[in-house]
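See below for the structure under consideration.
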Amino acid sequence: MTDGTETTPAHRYTAALAGQIERRWQDYWADHGTYHAPNPVGPLAEQDKQLPSDKLFVQDMFPYPSGGGLHVGHPLGYIGVDTFARFNRMIGRNVLHTLGYDAFGLPAEQYAVQTGTHPRTTTEANIANMRRQLRALGLGHDERRSIATTDVEYYRWTQWIFLQIFNSYYDEKQDRARPIADLEKEYEDGTRATPDGRPWSELSRVERREVIDSHRLVYISDAPVNWAPGLGTVVANEEVTPDGRSERGNFPVFRKNLRQWMMRITSYADRLVDDLELLDWPEQIKTMQRNWIGRSRGANVRFAAGDAHIEVFTTRPDTLFGATYMVLAPEHPLVERLTANEWPEGTDERWTGGAATPGEAVADYRREASRKSELDRQENKEKTGVFTGSFAVNPVNGERIPVFIADYVLMGYGTGAIMAVPGQDQRDWDFATKFGLGIIRTVQPSEGFDGEAFTGEGPAINSTNEDLSLNGMGVEDAKKAIIAWLEEHGHGEGTVQYKLRDWLFARQRYWGEPFPIVYDEDGLPIALPEDQLPLELPDVEDYSPKTFDPEDADSEPQPPLAKATDWVEVTLDLGDGPKKYRRDTNVMPQWAGSCWYQLRYIDPTNTERFVDPENEKYWMGPRPAEHGVNDPGGLDLYVGGVEHAVLHLLYARFWHKVLFDLGHVSSKEPYRKLFNQGYIQAYAYVDSRGFYVPADEVEETDGRFFYNGEEVRQEYGKMGKSLKNIVTPDAMAENYGADTFRFYEMSMGPLEISRPWATKDVVGAQRFLQRLWRLVVDEETGALRVSDAELTDDDLRRLHKTIAGVREDYAELRFNTAGAKLIELNNYVTKVYGATQATPRALAEPLVLMLAPLCPHIAEELWHRLGHPDTLVYGPFPQADEKYLVEDTVEYPIQVNGKVRSRVTVAADAGKDDVQAAALADEKIVALLAGGEPRKVIVVPGRLVNVVL
RNA sequence: GCCCCCGUAGCCCAAUUGGCAGAGGCACACGACUCAAAAUCGUGCAAGUGUGAGUUCGAGUCUCACCGGGGGCACCA
């Protein structure tokens, strides 16, 4: 460790010196507002400054300010974005980069509960600590724009947007959201019929409200939701893991009917899928969103069953002729009506479940199914079910087919009932073979197919009735033909199904945005007028929610706000005189604040609007000239982990689209380009008892690991307190300096790749910066050691090649290779000038400038010492001169049958023939040819020559 | 089970997108400095690209199969 002991030269770039330099420049930047980006209009506009039209809006995913502070994994993305932002600032762009805090939500509250203090106190202390840590990294944030979702002035606008959504409905014809007042007008003037056909004027006040409320984009529904007793709150579908537990806390989740706020995200399902095409996002995330929305096109088909009709959804209506039985989900509402009194004559024993009557069989099966958890149903894929004793009629051919109930059909998807086509569906095949049901192939399997159900493409077979034949048609044509036939005969229609469900938007917790809603004496929800926003959280005695035994499915949520009776019971004048109202006691989910924060970054101090339209247009509006005619707009680069693929990223797109529909923003999408950073992982070590030992005290010998002499086992994964392998940026700054840390972190590999942390490797970055420093500053005296010497031809070529490469690397987020090129140039300069009196200024300056995006403090310091009074944050970034990039001569490797055998050097502008002639004249090649003629000679200009014998 | 991504020196990573496998860093060895060590500086060492086939004049790069690692989906009709 270099710690400035007496043997170290006084002006060496040690950690201590780096620390002084870093603090000085951090102060300078803060004092000068160096990273303040001007807006076109409003409080953050700058009158005297020309606003560059060339802008860049970059953003990191909103961090949650945790009590534990940062470890070295957290700032990976921040440093990457900062480096990119700094490069763009240096080439003249107006760059908006800041970082706010997603400070509401369960973790903040749980932490506050643990420490026994008010969530706001804890949250604010955590934010202050995180700001300190981030400042020490030298991130170029416009701190005026840093917001926290818990700021009252911020959540005022979260509530305002909620009311915008509340006061909107989805117009299916125009395919966009519109103000609810437009809908009311349609009912009033009769353009739109009321649900029961009565004139609008005859409906009571409450009836009208109920009609209107049923159309709102956020509405109260009494439907099954995910109740987590251990958390004391309901959670959204997106927050439930595949094995039926809460993502937060890993508590069991139960389906329970409750009155809850829902957001009508399903109205946007098509646009959320289709507009993915417009986005420059990783394919992986797009796929995850597509899967989650789960759009499938198909048909609803009605089968007569006695005096009832069973409606099924199918994506394969073309296989209708192959339907040999039907299945209802056990919970399907028609099950009771369809359960026969006794088994029909000759019922197969396998179908009865051993029961004497269908009634018993059905009751037994339903009871068993209800007892199975989601996980059991998933794990046990053995098909089970019982016959209801009833038959349905296949509308295409009049065949009577038996109706079963089975738990492989889920009530939650489609209509909760299917037509079973074992010939083309493996699940149906499995069920049919177990229960001895018929199998009819309606698609000709491909040659040599020896599987069971055939789900591939092929011509239809066995599919004719009196006025329809699908035989010979491909799957797509057959689908179209059968849907037309079904629609013509009234048996069904083409339709689209989605897996996506409406977003459950309420939480029974304390630390979140209160709903700006009150209830009148009829229990109807009423929006607070805008001038009563913000509605602030009340102080309560006990802000922790009531939690229950995690397994207690029968418990009921008890929101903490309900206990604040003085706040809940309120008298307000909402236009018709003072009246008593009751406030909503739910709070919004954590995702609410992060649905729109990019918009507030743009205009953080605007008190009139959530964002000024002109500022939004400048920073986020579509720019077809740069991004193509279909550019949806949005910020220019959004960097974060992959874990928010279907939560934050879906919700934020949804809100943004609502705001777009209502004319509040000009961009269709919030995030034009998304980039998923990798993670920094770490080794952890476990001793023979299974306990973790401090990773930084483990020693490696011959590939084995020892702690206090005892052998320990190496594990690889996350950094975590309990794993005793945390490395903090604070420790890195103290031991090496923030610039060294930044450089090392960026040089570890491409930003999108996960890689293991290795503290011992950091010294490489430190040595590089020390060498560079030494080229400019005399380590003994601190004097500048640069000269005005002319650069040699070799110097110029190396320099300009580096400039060209580094520019490209920075622009493409390849910070690891940019760093390597800088080291390469630095090593060259060291070799040539390190031992001389001085380094040519014409080499030192561009080197310093090119380093600045990665290591801003040392670059500023050297730039300053080189005699420049102003910051280099605004450039200039060196420009490569083409004339130094072209070589006079080129050395061609000569391959013989693909193996390099010799080399020739020819003029760079030599023609193919000249190169070939030179290659064939080479003595080693002549020897290899031994007088014979080559079969072929391939000359790749500028690359190589290959002689084929 | 299905789909996607990744396997290059002991380790982290490059490779102009089909053209000489090596840019950079760590580790290691040797040398310089030092009474010595650390730090620093210099020099050097190292894999034929997970395995096997194929396409090609030429494959780390393209195709197929397999092995290993990571991720997503999973009775969604």
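The values are calculated or read from the model by the stated rules, or taken from the named source; none is laboratory data. It should be emphasised that the depicted structure is a prediction, and the values quoted were computed from it without experimental measurement. Cβ placement follows ideal geometry from the backbone for every residue including glycine, while neighbour counts extend to all protein chains displayed.
Going residue by residue through segment A:16-28, is there one that turns out to be buried (at least 20 other Cβ atoms within 10 Å of the Cβ), of a type in the set (A, V, I, L, M) and within 34 Å of the chain's Cα centre (by Cα)? Scanning segment A:16-28, I find no residue that is buried (at least 20 other Cβ atoms within 10 Å of the Cβ), of a type in the set (A, V, I, L, M) and within 34 Å of the chain's Cα centre (by Cα), so the answer is no. For segment A:703-721, filtered to residues that are away from RNA strand B (no atom under 16 Å from the Cβ) and in contact (Cβ under 8 Å) with a residue 24 or more places away in the chain, the residue that is nearest to the chain's Cα centre (by Cα) is A:Lys721.
The residue list A:Ala758, A:Ala733 contains one member that is away from RNA strand B (no atom under 15 Å from the Cβ) and among the small types (Gly, Ala, Ser), which is A:Ala733. Note down all Cβ pairs under 8 Å where the first residue falls in segment A:284-301 and is not assigned by TED's automatic domain parsing to the domain that holds A:Val312 and at pLDDT below 90, the second is near RNA strand B (Cβ under 9 Å from one of its atoms) and in a helix (DSSP H, G or I), and they're at least six residues apart or on different chains. As it stands, the answer is A:Gln284/A:Val642, since those pairs meet every condition given. Looking across segment A:702-738, the residues that are out of contact with any strand residue (DSSP E or B) (no Cβ under 9 Å at 6 or more places or on another chain) and aliphatic (A, V, I, L, M) come down to A:Ala731, A:Met732, A:Ala733, A:Ala738. Residues being over 27 Å from A:Phe505 (Cβ atoms) and more than 16 Å from RNA strand B (Cβ to nearest atom) are entirely absent from segment A:256-266. Condition (residue is assigned to a strand (DSSP E or B), at pLDDT 90 or above, among the aliphatic types (A, V, I, L, M) and assigned by TED's automatic domain parsing to the domain that holds A:Asn126) applied to segment A:65-77: is it met by at least one residue? Checked segment A:65-77: no residue is assigned to a strand (DSSP E or B), at pLDDT 90 or above, among the aliphatic types (A, V, I, L, M) and assigned by TED's automatic domain parsing to the domain that holds A:Asn126.
For segment A:297-321, filtering for residues that are within 11 Å of RNA strand B (Cβ to nearest atom) and not charged (D, E, K, R) leaves 11.
Tallying residues that are more than 10 Å from RNA strand B (Cβ to nearest atom) and of a type in the set (S, T, N, Q) within segment A:815-844 yields 3. When residues in segment A:658-699 are screened for being of a type in the set (Lys, Arg) and out of contact with any Asp or Glu (no Cβ under 8 Å at 6 or more places or on another chain), 1 of them pass. Cβ-Cβ under 8 Å, sequence separation 6+ or interchain: first residue in segment A:824-839 and closer than 11 Å to A:Asp795 by Cα, partner more than 9 Å from RNA strand B (Cβ to nearest atom) and assigned to a strand (DSSP E or B). Which pairs? Note: pairs meeting the criteria are A:Val829/A:Thr839; A:Tyr833/A:Thr839; A:Tyr833/A:Pro840. Screening the candidates A:Asp793, A:Asp809, A:Asp870 for the property of being of a type outside the set (Gly, Ala, Ser), more than 15 Å from RNA strand B (Cβ to nearest atom) and either under 40 Å from the mean Cα position of the chain (by Cα) or on the phi > 0 side of the Ramachandran plot (or both) yields one hit, A:Asp870. Of all the residues in segment A:633-643, those that are surrounded by fewer than 20 Cβ atoms within 10 Å (Cβ to Cβ) and more than 10 Å from RNA strand B (Cβ to nearest atom) number 1. When each of A:Phe743, A:Phe675 is tested for being in contact (Cβ under 8 Å) with a residue 60 or more places away in the chain, part of a helix (DSSP H, G or I) and within 27 Å of the chain's Cα centre (by Cα), the lone residue that passes is A:Phe743.
Yes or no, residue by residue, for (1) closer than 13 Å to A:Leu772 by Cα; (2) at pLDDT 90 or above; (3) acidic (Asp, Glu); (4) outside the structural domain of A:Val786 (by TED's automatic domain parsing):
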residue	(1), (2), (3), (4)
A:Leu825	yes, yes, no, no
A:Ala842	no, yes, no, no
A:Ile858	yes, yes, no, no
A:Leu862	yes, yes, no, no
A:Gly867	no, yes, no, no
A:Gln879	no, yes, no, no
A:Gly898	no, no, no, yes
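Give the residues of segment A:417-449 that are within 14 Å of RNA strand B (Cβ to nearest atom), assigned to a loop (DSSP other than H, G, I, E, B) and among the hydroxyl-bearing types (Ser, Thr, Tyr), sorted by residue number. Answer for segment A:417-449, where residues must be within 14 Å of RNA strand B (Cβ to nearest atom), assigned to a loop (DSSP other than H, G, I, E, B) and among the hydroxyl-bearing types (Ser, Thr, Tyr): just A:Thr442. With respect to A:Arg672, is the statement that it is within 30 Å of A:Ser168 (Cβ to Cβ) and of a type in the set (D, E, K, R) true? Judged against the criteria, A:Arg672 is a match. Selection of segment A:418-456 for residues being surrounded by 14 or more Cβ atoms within 10 Å (Cβ to Cβ) and among the basic types (Lys, Arg) yields A:Arg427, A:Arg441. Scanning for something on the phi < 0 side of the Ramachandran plot and without any contact (Cβ under 8 Å) to a residue 60 or more places away in the chain, does segment A:54-61 turn up at least one residue? Yes, segment A:54-61 contains a residue that is on the phi < 0 side of the Ramachandran plot and without any contact (Cβ under 8 Å) to a residue 60 or more places away in the chain.
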